[in-house]
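Heads up, the thing below is written out as structure tokens.
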Amino acid sequence: MATILVLADHTAGTVTKATTEVLTLARRLGSPTAVALGPGAQAAADTLVQFGADDVLIAPEEELLTWLVTPKVAALQAAAALTAPSAILLASTAEGKEIAGRLAVRLGSGVITDAVDVAADLTATQSVFGGDTTVHSRVTRGTAIITVRPNAVTAESSPGAGRLADLAVVLTDADRRVRIVEHADAVTAGRPDLAEARIVVSGGRGVGSAEGFTVIERLADTLGAAVGASRAATDAGWYPHQYQVGQTGKTVSPQVYIASGISGAIQHRAGMQTSKVIIVVNKDPEAPIFELADLGIVGDLFTVVPQLTEEVERRRG
């Protein structure tokens, strides 16, 4: 069975949801081998095996996380030399795409980013132009290196063989050019991570100001949801850019997505259209986002959203 190499993204042994999604996809393509790096790599192995890793290559040295990006490239290069994989899969995060590009240069291979699916013959499916066009492409040179868009695949637990082995990674001076001197935790106000939340409440241009996001946050907190924002809202400085949902922001696929004051530009729709249930609040009945809505409410969000919040609070007692 073909080996599919997967880079495990974890924090002190806690594996990201995006990595479990990539492992789920890798199981369909062959035998997954996960690469876990730095402190916590051994702890991460349990989750990696739970989601299908037949083999886990572990390099626990702290130095691999001390330098920016390039040690992870070197680790995947070493793992590829050891396992001769048919494909190398990574989560399509900003870091994942940079690693993929650098690795492609080192291996002389082609690279495909932002895939939403990969077929058994390693043909990747991409959704482009805001979801209006579907592209099918294959790497024709070297080892296929593919980054997979978060939330494109539903993570499914299915334990693998779970063989563990050490991975030797030799860093060069070129791998030690940029040192990470500090980590700062993102301020989340106790809310779930946007990319992994089961419920997302987003605001757009219709919110009108940074202060207007208070009604969005109150509903989110009542539902135990994450807060999102459209590009128009983040570009206006009303909400931080890390909460942007869309083609140039984060892709989300929650059980419930509540869009308030968002018109539904193609850029935004590309980042949330796979949500299971979509609820729209907008005073413009012609807003394009109503085309995606399972439930649409035509009205002023500053009237509708507080009423919804109060009703949820009342029913929760």
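A few comments on the model shown:
- The set of residues from the range 266-294 being among the aliphatic types (A, V, I, L, M) and under 16 Å from Ala225 (Cβ atoms) comprises Met272, Val277, Ile278, Ile279, Val280, Val281.
- Qualifying strands (runs of 3 or more DSSP E) (wholly inside the range 126-204; at least 1 residues being farther than 25 Å from Ile112 by Cα, free of Cβ contacts under 8 Å to residues at least 60 places away in the same chain and within 20 Å of the chain's Cα centre (by Cα)): 199-203
- Restricting the search to helices (runs of 4 or more DSSP H) fully inside the range 208-273 and requiring at least 1 residues that are closer than 25 Å to Val148 by Cα, under 22 Å from the mean Cα position of the chain (by Cα) and not β-branched (Val, Ile, Thr) gives 231-235, 266-269.
- Within the range 68-75, none of the residues are buried (at least 22 other Cβ atoms within 10 Å of the Cβ), touching a helix residue (DSSP H, G or I) at 6+ places or on another chain (Cβ under 9 Å) and at pLDDT below 95.
- The residue that is surrounded by the fewest Cβ atoms within 10 Å (Cβ to Cβ), counting only those in the range 79-110 that are basic (Lys, Arg) and more than 18 Å from Ala36 (Cα to Cα), is Arg106.
- Residue match in the range 219-238 (condition: surrounded by 21 or more Cβ atoms within 10 Å (Cβ to Cβ) and on the phi > 0 side of the Ramachandran plot): no
- Test result for Ala59, out of contact with any Asp or Glu (no Cβ under 9 Å at 6 or more places or on another chain) and either of a type outside the set (D, E, K, R) or under 25 Å from Ala144 (Cβ atoms) (or both): no
- For Val128, the conditions (1) more than 28 Å from Ile266 (Cα to Cα); (2) at pLDDT below 95; (3) among the hydrophobic types (A, V, I, L, M, F, W, C) all hold with the exception of (1).
- Check on Glu63, assigned to a helix (DSSP H, G or I), of a type outside the set (Ser, Thr, Tyr) and closer than 19 Å to Pro85 by Cβ: no
The values are calculated or read from the model by the stated rules, or taken from the named source; none is laboratory data. Since the model is a prediction, treat every value here as computed from it, not as a measurement. Heads up, the Cβs are rebuilt from the backbone with ideal geometry, glycines too, and the neighbour counts pull from every protein chain shown.
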